[in-house]
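Since the structure comes first, as structure tokens, the remarks are kept for the end.
The values are calculated or read from the model by the stated rules, or taken from the named source; none is laboratory data. Note that the structure is predicted; figures quoted are calculated from it, not measured. Positions of Cβ are backbone-derived with ideal geometry, glycine not excepted, and every protein chain shown enters the neighbour counts. Note: areas computed on protein heavy atoms with side chains; ligands, DNA, RNA excluded. Shrake-Rupley method; radii C 1.70, N 1.55, O 1.52, S 1.80 Å.
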Amino acid sequence: MRTLRLSLKSRRALLGLAFISPWLIGFIFLFATPLLQSIRFSLSNLSVAPGGYVLDFVGLKNFKDAILVDATFNRILVDSVGAMLLNVPMILFFSLFTATLLNQKFKGRTMARAIFFLPVILASSAVAAAESAGLINLMGDISAVDSSAEGGASFNVLSIVRMLNDVGLPMAYVDYIVEAIMRIYDIVSSSGVQILIFLAALQSVPGSMYEVAKIEGATAYESFWKITFPMVSPLILTNVIYTIIDSFAGSPVTEAIYQTAFKTQNFGLSSAMSWLYTLVIGLVLVVVGWVLSRRVHYN
Amino acid sequence: MAVSGTDRMVVVPKENYRMQRVRNKTSDLLYSIFRYALIIGISFIILYPLFLKISVAFKGKQDIYNPTIYMIPQHFTLDNIKLAAQVMDYLPLLANTLLFVTITTLLTAISCALAGYGFARFSFPGSNVLFVLVILTILVPTSTLMVPMYLHFRNFDILGMVHMFTGREGINLLNTYWPSMITAATAGGLKAGLFIYIFRQFFKGMPKEIEEAALIDGAGGFRTFARIMLPNAISPLITVILFSFVWQYNDTFYSSLFMSESPLISLKVASLPAQANQLIPQLMGFGSNSGMKADPNYVAMIVDTGILLAIAPLIILYLFVQRYFVESIERSGVVG
């Protein structure tokens, strides 16, 4: 190094590059190259030949096929984007609520935290697949299904609906709430990481702020909305984005893309589908990010 | 919210003051009861499926149709576990999976820690742009890269080197462990972008003086990293290792893409119901008569037991590291 007469600054720069070099190599060969290739594939007809593959340029035909010709793709796409838009607020609300709860001091807090993060450990698409197959396909006769359902949902959903309707809530809200209650396990199990992020954010709020608020006579409700909420609001954005991305993982669209590529061997169409999906998600991310970042409070 | 603080500062007579205290106490009590009810309720929702599986695993065959049994079985048996282990070929499968997952986890942790440190502490031309690209790797769905990655590993050949030396069209790495190893070692594996982010945030928050002292004492960059920075980064390391291990263990996307024929637990679990249906009559001694079908409820029981066997290592692992994990959130590196 001394013979090269590098300044300290450029030596540090080289050292930094050395540290990130594994990532950089991986990025160039295993991310950037496939990404560009994927664009090429989506515009071509790909056929696997011995020792490689052959590309025929077909223009936007694959995109047209994905939207107009494929029987189910556009419906699946709309459905899963819709489901995502419904899920994100539920997961966000639940995880912020739970994080605030877990941040308070009470006996057994460590244990409660350990239990609440358990779904992060156990969330597995393989297990979910095996479970649904195990219950629906194999429990053939109705009596078995009945007896197995007994433990879970023995309360009457209708009574809740009627009650909430009597209170005077609009039917759309009631539907949303009831759906949230029915899917509570899904929501709980997909909000582990979000709880974690919120909890970390809550821990970084200085305790003195709450003390001051208490001395000034603020109620818990007020100090939540005036202190906690603004302080964690940057992380709400992070969590929204994480939740949206997380909903890719096991979505039916990903499954459809996989099936198109490896069951029907239509690699070009599959690439086009995945790019449509990426664009839709990108659009959602941009819109949500833009709307939220205008309301976020940075200190 | 319109209540201002000054309203309450008014001096109150002693009687009212006592009333106020009683009221405060009861509302605190009510609140803590409410809180416990909620926490216990949610914990129950999380633990219920697990308890159900444990109960099923030890339940005798006679207990399936007995409606009076709730959770605690009347006829304890280990047969379900034995049968499920046989169907899954459990022990060799587990050993293989653990070896594979441990190696990829270590590679991921090392490469992501290096990259995180590089991004946190060094400025080189384009370092910010490159970090934006790290975020991009989190944002682009994996299904977009699926087909090119598949074809890439089918004819693996970086810069045409294999072609140059052997004249062949690259090596087929599918159904070997190399694709996952390579992506893990180059910080491109499962959610690696997130891990780089976690490490970067943590290293950014560490005092610069430690490094400067090491530099003055004559330690080089990598030595400083290995001896000084990494030992201090235990909490993000545990978080990353736990997440990486768990996600790799549960992953079906990459493993079914690159090594669909390899003995890995995540792949086995997905096909468990079909396999159980096929194998159980044979294992129970009905021979390979295809007309024979096992009781579907019994098959479901075995499938549940199999799922429990599959997630048991994770639960045991979690029981051990859960304390460090929860503590590491407390002094968190996640947000920084």
When chain B is modelled as a GNM with alpha-carbon springs shorter than 10 Å, which of B:S43, B:S32, B:S123 fluctuates the most?
B:S32
How much mean residue ellipticity at 222 nm does chain A get from its helices, if each DSSP H run of length 4 or more adds -39500 (n - 2.57) and you divide by all residues, to the nearest 500 deg cm²/dmol?
-22000 deg cm²/dmol
For B:T104, the net charge from surrounding residues (Cβ-Cβ under 14 Å; K, R +1; D, E -1) works out to 0
Using a 1.4 angstrom probe on the protein heavy atoms only, line up B:W247, A:W225 by accessible area, largest first.
A:W225, B:W247
Projecting the Cα atoms of A:F198, A:M90, A:L158 onto the charge dipole of chain A, where Lys and Arg contribute +1 and Asp and Glu -1 at Cβ, the residue farthest towards the positive end is A:F198
If you count only protein heavy atoms with a 1.4 Å probe, what accessible area per residue comes out for chain A, rounded to a whole Å²?
54 Å²
Simple spin-label estimate for B:T102 and A:S159 in nanometres, 7 Å along Cα-Cβ
5.3 nm
Which translational diffusion coefficient, to the nearest whole µm²/s, is obtained for the protein assembly as shown from the Stokes-Einstein equation, given a Kirkwood hydrodynamic radius over C-alpha pairs, 37 °C and 0.692 mPa s?
118 µm²/s
Using a 1.4 Å probe over the heavy atoms of the protein chains, calculate the carbon and sulfur portion of the accessible area of the stretch A:206-248 as a whole percent.
70 percent
If the elastic network links every pair of Cα atoms under 10 Å, which of B:N80, B:N277, B:N24 fluctuates the most in the Gaussian network model of chain B?
B:N24
If I stretch the segment between B:S123 and B:L136 completely, what's the gain in nm (0.36 nm per residue apart, minus their alpha carbon distance), one decimal?
2.7 nm
Per 5 Å bin from zero, what fraction in whole % of the C-alpha pairs of the stretch A:4-77 is there, up to the bin with the longest pair?
3, 12, 12, 12, 13, 11, 9, 7, 7, 6, 5, 2, 1, 0
Can you give me the span-like helices of chain B, meaning DSSP H runs with 15 Å or more of Cα extent along the axis and Kyte-Doolittle mean at or above -1.0?
B:14-57, B:90-121, B:127-139, B:142-154, B:192-204, B:234-250, B:296-330
In the protein assembly as shown, with Lys and Arg counted as +1 and Asp and Glu as -1 at Cβ, which of these residues, A:L15, B:I198, B:V246, has the Cα nearest the positive end of the dipole, that is, farthest along it?
A:L15
Ordering of A:189-196, A:121-128 by burial proxy (mean other Cβ atoms within 10 Å per residue, highest first):
A:189-196, A:121-128
Based on alpha-carbon positions alone, could you give the equivalent ellipsoid semi-axes of the stretch B:1-134 from the gyration tensor, as √(5λ), descending, whole Å?
51, 42, 10
Kirkwood-based Rg to Rh ratio, the stretch B:24-80, C-alpha trace
1.29
Suppose a student asked you for the relative contact order of chain B, using Cα pairs under 8 Å spaced at least 6 residues apart; what percent would you report?
24 percent
Can you compute the equivalent ellipsoid semi-axes for the stretch A:157-203, i.e. the square root of 5 times each eigenvalue of the Cα gyration tensor, sorted largest first and rounded to whole Å?
29, 13, 7
Would any residue of the stretch A:185-200 have its amide N under 18 Å from a label point 7 Å out along Cα→Cβ of A:L169? List them or say none.
A:185-188
Relative to the Cα centre, what is the charge dipole magnitude of chain A, using +1 at the beta carbon of each Lys and Arg, -1 at the beta carbon of each Asp and Glu, and rounding to the nearest 20 debye?
1820 debye
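How do B:F44, A:F116 stack up against each other in accessible area, from largest to smallest, with a 1.4 angstrom probe?
Result, largest first: B:F44, A:F116.
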Starting from the Cα-Cα distance between A:V212 and A:M182, subtract it from 0.36 nm times their residue separation and give me the gain in nm to one decimal.
6.7 nm
What residue among B:N24, A:A123, B:N155 has its Cα farthest toward the positive end of the dipole of the protein assembly as shown, where the charges are +1 on Lys, Arg and -1 on Asp, Glu, each on the Cβ?
B:N24
If you average the sequence gap of Cα pairs under 8 Å that are 6 or more apart and divide by the length of chain A, what percent do you get for the contact order?
29 percent
GNM flexibility winner over chain B from B:V140, B:V269, B:V321 (Cα, springs under 10 Å)
B:V140
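Using a 10 Å cut-off around each Cβ of peptide A:108-121, what is the average number of partner chain Cβ atoms that fall inside?
Values: counts 4, 2, 5, 4, 7, 6, 7, 8, 5, 7, 8, 2, 6, 14.
That works out to 6 on average.
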Quick one: compute a quarter of the convex hull surface over the Cα atoms of the stretch A:174-273 and quote it in nm².
9.6 nm²
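Please give the length that would be gained between A:D56 and A:V205 if that part of the chain were fully extended, namely 0.36 nm times their separation in residues minus their C-alpha to C-alpha distance (nm, one decimal). It would help to have the intermediate numbers written out before the result.
Working: separation 149, 0.36 × 149 = 53.64 nm, distance 5.76 nm.
Gain in length upon complete extension: 47.9 nm.
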Kirkwood radius from Cα pairs of chain A plugged into Stokes-Einstein at 10 °C, 1.306 mPa s, gives D in µm²/s equal to 66 µm²/s
Per the Kirkwood treatment, what hydrodynamic radius in Å, one decimal, follows for chain B from the mean inverse distance over all distinct Cα pairs?
25.0 Å
Using a probe of 1.4 angstrom, how much of the accessible area of the stretch B:27-182 is carbon and sulfur, in percent?
72 percent
Taking the Cα centre of chain B as origin, sum charge times position over the Cβ atoms of Lys and Arg (+1) and Asp and Glu (-1), and report the length of that vector in debye to the nearest 20.
900 debye
Would you work out what percent of the accessible area of the stretch A:1-87, with all protein chains in place, is carbon or sulfur (probe 1.4 Å)?
67 percent
Per DSSP H run of at least 4 residues, take -39500 (n - 2.57); add these up for chain B, divide by its residues and hand me the 222 nm value, nearest 500 deg cm²/dmol.
-22000 deg cm²/dmol
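Total accessible area buried between chains A and B, 1.4 Å probe, in Å² to the nearest 100?
8400 Å²
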Dipole magnitude (debye, nearest 20) for the protein assembly as shown, charges at Cβ of Lys, Arg, Asp, Glu:
2000 debye
Pseudo-spin-label distance B:F222 to A:D79, built 7 Å along Cα→Cβ, given in nm, is 5.2 nm
Calculate I(q)/I(0) for the stretch B:44-200 by the Debye formula, one identical point scatterer on each C-alpha and no solvent, and give its log10 at q = 0.10, 0.11, 0.17, 0.18 Å⁻¹ to two decimals.
-0.65, -0.73, -1.07, -1.12
With the 8 Å Cα cutoff and a minimum separation of six or more residues, the stretch B:15-104 has a relative contact order in percent of 18 percent
Two-decimal log10 I(q)/I(0) for the stretch A:222-299, as the Debye equation yields it once each C-alpha is a single scatterer, q = 0.12, 0.24, 0.26 Å⁻¹:
-0.49, -1.05, -1.13
